[in-house]
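The values are calculated or read from the model by the stated rules, or taken from the named source; none is laboratory data. Since this is a predicted model, take the numbers as computed values, not measurements. Here the Cβ is made from the backbone with ideal geometry for all residues, glycine too, and neighbour counts use every protein chain on show.
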Amino acid sequence: MKKYFNVNLEFNKDVADQIIERTIEHNRKGYVCAIEANNLAIANQNKKFNETLNSSLVNVCDGSNIAWLLGKIYKKHFCSYIGNDLFINFVNKGKYRQYFLGNTDEVLTSLKINLCQIDPTISEMCFSSLPFSTVEDFDYSSIAEHINSDSPDIIWVSLGAPKQELFMKNLLPYLNKGVMFGIGAVFNFNSSVGKVRRAPKWILKLRMEWFYRALEEPKKNIPRYWNFIKLLPKLIYIEFKHISKSVY
């Protein structure tokens, strides 16, 4: 991975997949972060969170606009790896034991039904919500005990950023093995309940999913996007500064 906007990012999907699969095959552990505007902005404002992202197994770019912007800066193609695509990719492989952690019981119940249409063996896998808690107050030892007893290869974590990334880093020392993925609203996208939905394909093609999400949950998402927009000039300046240093 190379650092962009002060965060390690892997833009090659095959490389990201290989890192993840190699970790699983060797019974090792780690966590994967999907970097989008919100957690990228927080990483540039909070040192602890920046260290959390840069301590991951691999980070993928969950924002097509971030990839597009870096492409303009570096004058080459950057490919995003959207969190939902990553999720469906590994579910479709049908060869890993998975553990679905977080969100609500209602979403998890519907998610399980839908995913069993893709892979019937998912009916035997664990879907577990978490009690409402701050990152500091989760009982990580107890949570890990349940996960370790199930011995999954993959642990999907749906708590929303930045909570899920901090959660994964705190949980990691207690796990015996397995790759955790922080995937936010992906559980909601793939269930049939609630108001949170994936944007229509025509909006995705226009790289306007952020706008769709802003209208979908304005109180939550508009402040997040505004925070990123305010930081954008500084982030762009940093990248051009790196380019000038590498030239000279």
Identify all residues within segment 85-103 that are in contact (Cβ under 8 Å) with a residue 40 or more places away in the chain and either part of a loop (DSSP other than H, G, I, E, B) or touching a Ser or Thr at 6+ places or on another chain (Cβ under 9 Å) (or both); write none if there are none.
Tyr96, Arg97, Tyr99, Phe100, Leu101, Gly102, Asn103
Out of Asn8, Asn44, sole residue that is within 23 Å of Ala214 (Cα to Cα), surrounded by fewer than 22 Cβ atoms within 10 Å (Cβ to Cβ) and modelled with pLDDT of 95 or more:
Asn44
I'd like to check something: does segment 59-79 contain any residue that is of a type in the set (A, V, I, L, M, F, W, C) and in a strand (DSSP E or B)?
yes
For Leu166, are the conditions met, namely being among the hydrophobic types (A, V, I, L, M, F, W, C), surrounded by 14 or more Cβ atoms within 10 Å (Cβ to Cβ), modelled with pLDDT of 95 or more and part of a helix (DSSP H, G or I)?
yes
Considering segment 199-211, residues that are of a type outside the set (Asp, Glu) and either crowded, with 17+ Cβ neighbours inside 10 Å or modelled with pLDDT of 85 or more (or both), and then whichever is nearest to Tyr74 (Cα to Cα), we arrive at Trp210
Among the residues of segment 1-55, count how many are of a type in the set (Asp, Glu), without any contact (Cβ under 8 Å) to a residue 24 or more places away in the chain and under 16 Å from Phe87 (Cα atoms).
2
Please return the ranges of strands (runs of 3 or more DSSP E) entirely within segment 1-53 where 1 or more residues are touching a His at 6+ places or on another chain (Cβ under 9 Å).
2-4
Would you be able to tell me the number of residues in segment 105-138 that are assigned to a helix (DSSP H, G or I), buried (at least 16 other Cβ atoms within 10 Å of the Cβ) and within 20 Å of the chain's Cα centre (by Cα)?
5
